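**Student:** Got a structure for you, questions after.
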Amino acid sequence: MDALSGRVAVVTGGAAGIGRTIARRLADRGARVVAADLDSVLGASDGTEAGITHLPVDVTDPASVDDLMARVRDEHGRVDVLVNNAGIFSSLTPTPFTELEPDDWRRVLDVNVVGLFTCCKAAVPVLAPGGRIVNIASAAALKGLPMFLHYVSSKGAVLAMTRALARELADRDVRVNAVAPGFTLSDAVRDNEDLIGGLRESAVQTRLLHRDQVPDDVAGVVCFLAGDDADFITGQTFVVDGGSVLH
């Protein structure tokens with residue numbers, strides 16, 4: 001199935017977890033994929049997926065993001081799809097908001113919000129007409145999630161940024177949408193016992209489809225938004241959570 005044949009896709013946070021699955025599914029559909037991630041994550045990846053090139057990036061460092069986009073431009077000439085997947089969640093510990101410190105907020109916002117902005121800003125000059133930006137948000141921003149106020153707030157910002165960017169980039173013929181997953185069993189989440197404990201059971205019980213959510217559930221929607229069937233869709237949020245959030 002080569003619905004994305006020849007298109008160039010950049011996936012941040014693309015070497016592990018949901019991002020790695022997104023990168024693989026885009027490549028399976030014919031895209032030339034750049035999976036960009038921190039050096040430490042790239043080092044732990046086998047990096048052997050067909051159709052996927054791995055490049056380093058730190059989304060909190062504008063120079064690193066600029067270098068990534070320059071390398072993609074030099075290699076491929078353009079970007080057709082940018083998937084802003086890099087984010088902080090799986091390394092977090094549930095914390096009452098009264099115990100959060102400003103540095104906790106800055107760490108999350110620098111990656112989840114400012115990092116997304118930095119990637120969009122660097123990508124726009126090389127985005128081809130008809131280009132797509134897909135931002136990975138979270139259903140938690142729509143329903144609320146106690147003990148993760150900084151994370152939920154950051155993903156609420158992603159939803160707002162998606163709508164604003166869609167309006168601002170429409171004249172450039174760029175579509176901007178968001179995907180808001182529910183609690184997803186990525187490898188990193190499975191490895192965090194403090195995180196997975198109560199959240200996994202609660203998520204399964206509160207969604208209409210009573211099963212674990214896996215990265216492939218998210219990747220399929222990203223592939224749809226990257227393709228021609230989503231040509232007349234922009235500024236929207238697609239909730240992928242098995243029916244926990246209904247809107």
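Read-outs: derived from the displayed coordinates by stated rules, not from any lab. All values reported here derive from a predicted model rather than from experimental measurement. With ideal geometry, Cβ positions are generated from the backbone for all residues, glycine too; neighbour counts draw on all protein chains shown.
**Student:** Please tell me the relative contact order of the chain in percent, rounded to the nearest whole number, where contacts are Cα pairs under 8 Å and at least six residues apart.
**Tutor:** Result for the chain is 20 percent.
**Student:** For Leu127, list long-range residues whose amide hydrogen, built 1.01 Å from N in the peptide plane, is under 5 Å from its own amide hydrogen.
**Tutor:** Val79
**Student:** To continue, here is another question. Treating the angle as unsigned and between 0 and 90°, give the value, to the nearest 10°, between the Cα long axis of helix 149-169 and the longest Cα principal axis of the chain.
**Tutor:** The angle comes out near 30 degrees.
**Student:** Could you please state, rounded to a whole Å, how far the C-alpha centre of region 1-37 is from the C-alpha centre of region 145-212?
**Tutor:** Each part's Cα centre sits 19 Å from the other's.
**Student:** If amide hydrogens are placed 1.01 Å from N in the peptide plane, which non-local residues have theirs closer than 5 Å to the one on Val83?
**Tutor:** Correct list: Val10, Val11, Thr12, Val134.
**Student:** Kindly state, to the nearest 0.05, the FRET efficiency for Thr98 paired with Asp74, given R0 = 41 Å and r defined as their beta-carbon distance.
**Tutor:** In this case the efficiency is close to 0.25.
**Student:** Would you grab the residues whose amide H sits under 5 Å from the one on Ala178? Only those 5+ places off in sequence or on another chain, please, with H modelled 1.01 Å from N.
**Tutor:** Under 5 Å from the amide H of Ala178 lie the amide H atoms of Asn135, Gln236, Thr237, Phe238, each far enough along the sequence or on another chain.
**Student:** Match the structure shown to one of the listed values (1) 73, 49, 29; (2) 61, 43, 33; (3) 47, 37, 35 of Cα extents along the principal axes in Å, computed from it, and give that label.
**Tutor:** It is the one labelled (3).
**Student:** Helix-only mean residue ellipticity at 222 nm, the chain, DSSP H runs n ≥ 4 weighted -39,500 (n - 2.57), per residue, nearest 500. What is it?
**Tutor:** Computed ellipticity for the chain at 222 nm equals -12500 deg cm²/dmol.
**Student:** Next up: Which percent, to the nearest 5, of DSSP beta bridges fully inside the chain are antiparallel?
**Tutor:** Rounded to the nearest five, the antiparallel share is 0 percent.
**Student:** Still on this structure: Work out from phi, with θ = phi - 60° and the Karplus expression 6.51 cos²θ - 1.76 cosθ + 1.60, the ³J(HN,Hα) of each residue of region 222-233, listed in order in whole Hz, and give x for Gly and Pro.
**Tutor:** Rounded to whole hertz, the list is 4, 4, 4, 5, 7, x, 5, 5, 9, 4, 10, 10.
**Student:** I need the peptides 139-146, 19-26 ranked by packing, meaning the mean over residues of other C-beta atoms within 10 angstrom, with the highest value on top.
**Tutor:** Highest mean packing first, the order is 19-26, 139-146.
**Student:** Please list, in order along region 76-89, the HN-Hα scalar couplings obtained from phi with the Karplus expression 6.51 cos²θ - 1.76 cosθ + 1.60 (θ = phi - 60°), rounded to whole Hz, x for Gly and Pro.
**Tutor:** 10, x, 5, 10, 9, 9, 10, 10, 8, 9, 4, x, 10, 8
**Student:** Continuing with the same structure: Provide the net charge surrounding Ala140, with neighbours chosen by a C-beta distance below 15 Å and charges set as Lys +1, Arg +1, Asp -1, Glu -1.
**Tutor:** +3
**Student:** Here's a follow-up. Could you give the angle, 0 to 90 degrees to the nearest 10, between helix 17-28's Cα long axis and the longest principal axis of the Cα atoms of the chain?
**Tutor:** Approximately 30 degrees, to the nearest 10.
**Student:** Output needed: percent of Cα pairs per 5 Å distance bin for region 90-185, bins running from 0 to the one holding the longest distance.
**Tutor:** Values per bin, smallest distances first: 3, 12, 22, 22, 16, 11, 7, 4, 1, 0.
**Student:** To make sure I understand, if each residue's beta carbon is the centre and we count other beta carbons within 10 Å, what order do Asp212, Asp74 fall in, fewest to most?
**Tutor:** Least to most surrounded, the residues fall as Asp74, Asp212.
**Student:** For the chain, give the magnitude of the charge dipole about the Cα centre (Cβ charges: +1 Lys/Arg, -1 Asp/Glu; no others), in debye to the nearest 20.
**Tutor:** It works out to roughly 700 debye.
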